[in-house]
Amino acid sequence: MKGNHYQLEIFCGTGGVGKTTLATSRAIYLAKKDLRVLLITIDPSLRLKQVLSLSDKSAGDIKKVELEEYCFDALLMSSQKTFDRLGIDKDKNNKILEVLMRPNGGMNEIMAIIEVQSQLESNNYDCIILDTPPGKHFLDFLDASKKIDRFFDKSYIEIFKFLGKNLNSQLPSEGKKKIFSKIVSSGVKKLLSYLERVTGKEFVETFIEAIFVLHQNKNYFLKALTFQRFLKESDNYQWFLVSSTEQSKVKEIIEIAKNATHLSKEHSVLLINKCMDMGSIDEDEFSKVPVKYFIEREHQIIDFFDRSKLFKNLLKFPDIFEADPKKHVKSLTSHWN
Amino acid sequence: MTSRLIIVSGKGGVGKTTIAHAITKELRARGLNAFYTSFDQNCPSEILKDGTPRFMTSPEESSEAYIGLKLNSPLLAKWVMKAPFFKALFQVLPPLGHMILLGHYIKELQDNPEHIVVLDSPASGHAMSMISSLSNFKEIFKLGVLVEDIDRMNDFLKTPGNTKVLISSIPTEMSVEEGLDLTKFFKDWGLDNTELLINNSLNSKEVLESGSSLAHKKLEIEKQIISRYFSEDIRLIPQVFSHNTSEILRGINPIIKGILSEG
């Protein structure tokens, strides 16, 4: 589980346990073996930039991280850039889409799943490593495909059954108006008119336009469903649920493990970070505060692993006494051996 | 004068829930009408266990209440929210739900002048989405009652004395950097009463007296990090070595009192 690599390796877990540093150390470890590696962070806090000395401006572009002994690609997720890269037709300059694709616009999870899927399809990499947002937001990421499906399914049926089949992407604004009035004159009329009373008329028009754009680019969004299938059917991935002896969040670990139903137990690793009990510490330290508490938590997590049988494998990483995240990562890299 | 809305944010795993819990309890102990809240519909068990008063609502419930108010008909609102289209809309657009929740808390605070809401906010990136949603949706909606309401939310949040933001971080470089980013974000947005603090500090009597060389090594690193980033005094909340919630809350209470004495 340590030495082998997989086409996709996912790092998830509660916040502050070291997902980003561990994922980076993993990328370096595999890159040193001359594998083609892409490290993607979809955590909106983009902590990866700090570890790799990337600037905020590099968000959305694939950057080469090059040092003497290794080289790999890194990507800080940006919804806008993914949107552009996919070539999604958005020459309509729709305000709603523009705002939603901003860094804090709220489309991160959905765009991330689309980005990951297209990187998997590109076959440019032997291994794609994913650093994910903390806790439940990771589940949001996994659920994004379901949400997309539902959005295009039920809500569109509702609206588009009134519009006929021959929707054309180059609708002149008059055509748009026609469709708009057609929607309004149909059964959705009431619904939209209520919406209009709350939001104003202009919004409803822009909103319908945004839905057109999304619908015309439906196939890009539905890539997310292929990703879901990949997780279900492929043997070529591994996921690490990262925990730490500095936190007693066993309940949250259970919640993630139980809700990550798209991920197979066969490919799962429970990783305990910042372990003290790895043979390098004097035993008389064990009874002292705070070491005692860290070790107690470590044993709690191991106990949970043994009893719950939710995970296939268990991995321990030591606590690194190092303030600088870069040195921290370097030290972790050797532990993948 | 205590702020009306206290937002606790920070990177994941920095103890936001514990701090929000401790603040709510301390305000209650002072006889104030404080409520704990979070966007997470599953209220943390430690909050449920000791019966801390809370104001929990979901985006769907809050939207229904809001639409009901605007259309003057709760029944109609129920019908609108039942449409699969609206359900899907909330699912693909979490910030819309977050904005509506925030709006609901603010309305509650305006309707009940003696209430205080303590928001155990989502972690950094998602907290920024929540705040950005105000200006984002304002741009989207442009006109109409919704924009008037967004403006009202803005006014409430930015009125001096109304909002306090506490950004928690732990003594690691990653967490402090993220805390600084987030503090800047809230201040730039117009919430001047934003304070960064360091939680889970090892700088406690217990650790100093333990005689553990390992603990001292960790404490040295902590001091290095703090002195690198902060020239002036930064508030430290000590790490409490206990598995018991009330003991932890007792342990950090003196610092929480200090935070609240400043409004």
Inset, instruction - Return the single residue from A:VAL289, A:VAL17, A:VAL65 with maximal mean-square fluctuation; model: Gaussian network over chain A, springs between Cα atoms under 10 Å. - result: A:VAL289
Legend entry - Per-residue mean of C-beta atoms belonging to partner chains within 10 Å, peptide A:22-31: 0
Inset, instruction - Give me the distance in nm between label points sitting 7 Å out from Cα along the Cα-to-Cβ direction at A:LYS146 and A:HIS215, one decimal. - result: 2.6 nm
Legend entry - Per-residue Cβ neighbour rank within 10 angstrom, fewest leading, B:SER227, B:SER212: B:SER227, B:SER212
Inset, instruction - Beyond 25 Å, what share of the Cα-Cα pairs of chain B is found? Please give it as a whole percent. - result: 47 percent
Inset, instruction - Taking chain A as the reference, fit the longest principal axis to its C-alpha atoms, fit the long axis of helix A:223-233 to the helix C-alpha atoms, and give the angle between the two in degrees, 0 to 90, nearest 10. - result: 40 degrees
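Select from the stretch A:28-119 those trypsin sites (Lys or Arg not before Pro) which occupy a DSSP coil region and have at most 15 other Cβ atoms within 10 Å, ordered by residue number. Numbers along the way, then the final one.
On the way: sites: A:LYS32, A:LYS33, A:ARG36, A:ARG47, A:LYS49, A:LYS57, A:LYS63, A:LYS64, A:LYS81, A:ARG85, A:LYS90, A:LYS92, A:LYS95; in loops: A:LYS33, A:ARG36, A:ARG47, A:LYS90, A:LYS92.
Those satisfying the criteria are A:LYS33, A:ARG36.
If we count GluC sites (Glu not before Pro) as exposed when they sit in a DSSP loop and have at most 10 other beta carbons within 10 Å, what is the longest stretch of chain A that avoids them all? Please list the in-between numbers first.
On the way: sites that count: A:GLU68, A:GLU69.
Result, exposed sites excluded: A:70-337.
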Legend entry - Cβ-based net charge around A:ALA23, under 13 Å, with every Lys or Arg adding one and every Asp or Glu removing one: 0
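Please compute, for peptide B:168-179, the average count of beta-carbon atoms on other protein chains lying within 10 Å of each residue's beta-carbon. Don't skip to the end; give the middle numbers.
On the way: counts 0, 1, 3, 1, 7, 9, 11, 3, 0, 5, 6, 0.
If you average over the peptide's residues, the count of other-chain Cβ atoms is 4.
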Legend entry - Cα→Cβ-extended label distance, 7 Å offset, between A:LYS33 and A:LYS201, nm: 6.4 nm
Inset, instruction - For chain A, calculate the relative contact order in percent as a whole number, restricting contacts to Cα pairs under 8 Å that are 6 or more residues apart. - result: 24 percent
Inset, instruction - Jot down the radius of gyration and Dmax of the protein assembly as shown, Cα atoms only, both in angstrom. - result: 24.7, 81
Legend entry - Within straight-line cross-link reach of A:LYS251, aspartates and glutamates at Cα separation under 14 Å, skipping those fewer than 8 residues along the same chain: A:ASP303, B:GLU46
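Given the pairs A:LYS63/B:LYS164; A:LYS19/B:LYS25; A:LYS64/A:LYS326; B:LYS11/B:LYS223; A:LYS19/A:LYS292; A:LYS249/A:LYS292, which span a C-alpha to C-alpha distance of over 28 angstrom in this model? Could the numbers behind the result be given before it?
Details: A:LYS63/B:LYS164 38 Å; A:LYS19/B:LYS25 32 Å; A:LYS64/A:LYS326 17 Å; B:LYS11/B:LYS223 20 Å; A:LYS19/A:LYS292 24 Å; A:LYS249/A:LYS292 17 Å.
Cα-Cα > 28 Å for A:LYS63/B:LYS164; A:LYS19/B:LYS25; rest within.
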Legend entry - Efficiency of FRET between A:PHE321 and A:GLU233 - r from beta-carbon atoms, R0 30 angstrom, step 0.05: 0.10
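Filter the trypsin sites (Lys or Arg not before Pro) in the stretch A:303-337 down to the DSSP loop ones having no more than 16 other Cβ atoms within 10 Å, then list what survives. Write down the numbers at each step before the final one.
Details: sites: A:ARG307, A:LYS309, A:LYS312, A:LYS316, A:LYS326, A:LYS327, A:LYS330; in loops: A:LYS309, A:LYS312.
Listed in order of number, the matching sites are A:LYS309, A:LYS312.
How much mean residue ellipticity at 222 nm does chain B get from its helices, if each DSSP H run of length 4 or more adds -39500 (n - 2.57) and you divide by all residues, to the nearest 500 deg cm²/dmol?
Details: 12 runs with 157 residues, N = 263.
After summing the helix terms and dividing by the residues of chain B, the value is -19000 deg cm²/dmol.
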Inset, instruction - Could you give the spread of the C-alpha atoms of the stretch A:1-99 along their three principal axes, from largest to smallest, in whole angstroms? - result: 48, 29, 25
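Set the Förster radius R0 to 22 Å, insert the Cβ-Cβ distance between B:GLN41 and A:VAL250 as r into 1/(1 + (r/R0)^6), and round the FRET efficiency to 0.05.
On the way: r = 21 Å, r/R0 = 0.93.
With R0 = 22 Å, the Cβ-Cβ based efficiency is 0.60.
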Legend entry - Sequence-separation-based contact order of chain B, relative, with Cα cut under 8 Å and 6+ spacing, percent: 26 percent
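How high is the FRET efficiency from B:VAL145 to A:ARG85, r the C-beta distance, R0 25 Å, rounded to 0.05? Numbers along the way, then the final one.
On the way: r = 38 Å, r/R0 = 1.52.
Efficiency, from the Cβ-Cβ distance: 0.10.
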Inset, instruction - Give me the distance in nm between label points sitting 7 Å out from Cα along the Cα-to-Cβ direction at A:LEU225 and B:THR159, one decimal. - result: 5.0 nm
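If you put +1 on each Lys and Arg Cβ and -1 on each Asp and Glu Cβ, how big is the dipole of the stretch B:1-45 around its Cα centre, in Debye rounded to 20? If you can, show how the numbers build up before the last one.
Details: 6 positive and 2 negative charges, 23 e Å.
Roughly 100 debye for the stretch B:1-45.
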Legend entry - Principal-axis tilt of helix A:173-185 within chain A, Cα atoms, nearest 10 degrees: 90 degrees
Legend entry - Gap separating the Cα centres of the stretch B:18-69 and the stretch A:41-61, nearest whole Å: 33 Å
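Any idea what diffusion coefficient chain A gets from Stokes-Einstein, in µm²/s, Kirkwood Rh on alpha carbon pairs, 25 °C, 0.890 mPa s?
Working: Rh = 22.0 Å.
For these conditions, the coefficient is 111 µm²/s.
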Legend entry - Longest segment of chain B lacking GluC sites (Glu not before Pro) that sit in a DSSP loop with at most 14 other Cβ atoms within 10 Å: B:115-231
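Can you list the trypsin sites (Lys or Arg not before Pro) in the stretch B:11-74 that are in a DSSP coil and have 12 or fewer other beta carbons within 10 angstrom?
Values: sites: B:LYS11, B:LYS16, B:LYS25, B:ARG28, B:ARG30, B:LYS49, B:ARG54, B:LYS70; in loops: B:LYS11, B:ARG30.
Hits after loop and neighbour filter: B:ARG30.
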Inset, instruction - For A:LYS57, list the lysines whose Cα falls under 19 Å from its own Cα; do not include residues on the same chain fewer than 8 positions away. - result: A:LYS49, A:LYS81, B:LYS184
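FYI, it's all coordinate maths here, none of it is from the lab. Treat the numbers as computed from the prediction; the structure is a model and nothing was measured. As a convention, Cβ positions derive from the backbone with ideal geometry for all residues, glycine included, and neighbour counts pool all protein chains shown.
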